[in-house]
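Novice: Quick one: structure below, then a few questions.
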Amino acid sequence: MSTSVAAKAAQRKESGSRTVELPEGVSASVKGRELFMKGPNGSAAKVFQRIPVDVEVKGNQVTIKPFTGKKKDVISANTVSSIVRGLVHGVTKGYEYKMKVVFAHFPVTVKIKDDTVVVENFMGERSPRLAKILAGCKVTTEGDDIIIKGTSLEQIGQTAANVEQATRIKRKDQRIFLDGVYVYEKKRN
């Protein structure tokens with residue numbers, strides 16, 4: 001009455017496939033191992049090169065199938081379905097990070113130039129500190145706040161990390177010198 005190991009793996013592979021429904025106004029396409037999404041808020045893309053799953057688009061559904069029935073591959077299919085749902089949310093409603101410019105010793109000014117955040121007079125330094133803005137992110141400043149909006153959560157998070165790293169203080173006690181730019185709010189619109 002026991003089934004073979006291969007039969008169990010095949011059954012797990014079939015049960016491991018996931019589908020994500022696309023809402024109205026969202027379209028998806030696959031080119032090679034890259035998934036493209038377009039929606040009312042913009043477009044986003046994700047490469048699944050190193051994840052052992054097949055991604056297919058049929059009508060208004062994205063189907064994720066693991067390569068094998070191994071438990072690790074089935075778990076990867078769950079992860080990819082979560083990523084796809086995040087992309088759908090990004091192209092329909094978007095994501096937003098808010099960062100606060102904190103300074104105690106020297107007044108800091110923040111400017112946006114092309115695809116760079118320029119932080120001037122940080123800790124009294126004469127040369128400005130620069131942070132790269134990734135493609136697909138819209139960065140604005142409002143007083144002491146920096147607002148990053150976009151469709152891809154990864155791109156927004158990396159842009160915020162670039163700004164934080166650019167204003168990191170080295171060779172000083174960080175409990176005393178709290179100057180910097182820090183994320184204080186993450187929103188799913």
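The values are calculated or read from the model by the stated rules, or taken from the named source; none is laboratory data. On a predicted model such as this, the values are computed, not experimentally measured, just so you know. All Cβ positions, even for glycine, are placed from backbone atoms using ideal geometry, and neighbour counts span all protein chains on display.
So that you can scan it fast, the table gives a plain yes or no per residue for (1) under 27 Å from I83 (Cβ atoms); (2) buried (at least 17 other Cβ atoms within 10 Å of the Cβ); (3) more than 17 Å from the chain's Cα centre (by Cα):
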site: V119; (1), (2), (3): no, yes, yes
site: K138; (1), (2), (3): yes, no, no
site: V163; (1), (2), (3): yes, yes, no
site: T167; (1), (2), (3): no, yes, yes
site: Q174; (1), (2), (3): no, no, yes
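Novice: In the set A45, A77, A104, which member is assigned to a helix (DSSP H, G or I) and either in contact with a Pro (Cβ under 7 Å, 6 or more places away or on another chain) or under 30 Å from A166 (Cβ atoms) (or both)?
Specialist: Among A45, A77, A104, only A77 is assigned to a helix (DSSP H, G or I) and either in contact with a Pro (Cβ under 7 Å, 6 or more places away or on another chain) or under 30 Å from A166 (Cβ atoms) (or both).
Novice: Can you tell me which of V80, V108, V47, V101 is surrounded by 14 or more Cβ atoms within 10 Å (Cβ to Cβ) and either without any contact (Cβ under 8 Å) to a residue 60 or more places away in the chain or in the same structural domain as G32 (by TED's automatic domain parsing) (or both)?
Specialist: When all the criteria are applied, what remains is V80.
Novice: Now a separate question. Are any residues in the stretch 32-41 in a strand (DSSP E or B) and touching a helix residue (DSSP H, G or I) at 6+ places or on another chain (Cβ under 6 Å), and if so, which ones?
Specialist: Within the stretch 32-41, M37, G39 qualify.
Novice: Taking the stretch 108-144, which residues are on the phi < 0 side of the Ramachandran plot and part of a loop (DSSP other than H, G, I, E, B)?
Specialist: Across the stretch 108-144, the qualifying residues are V108, D115, E125, R126, S127, P128, I133, L134, A135, D144.
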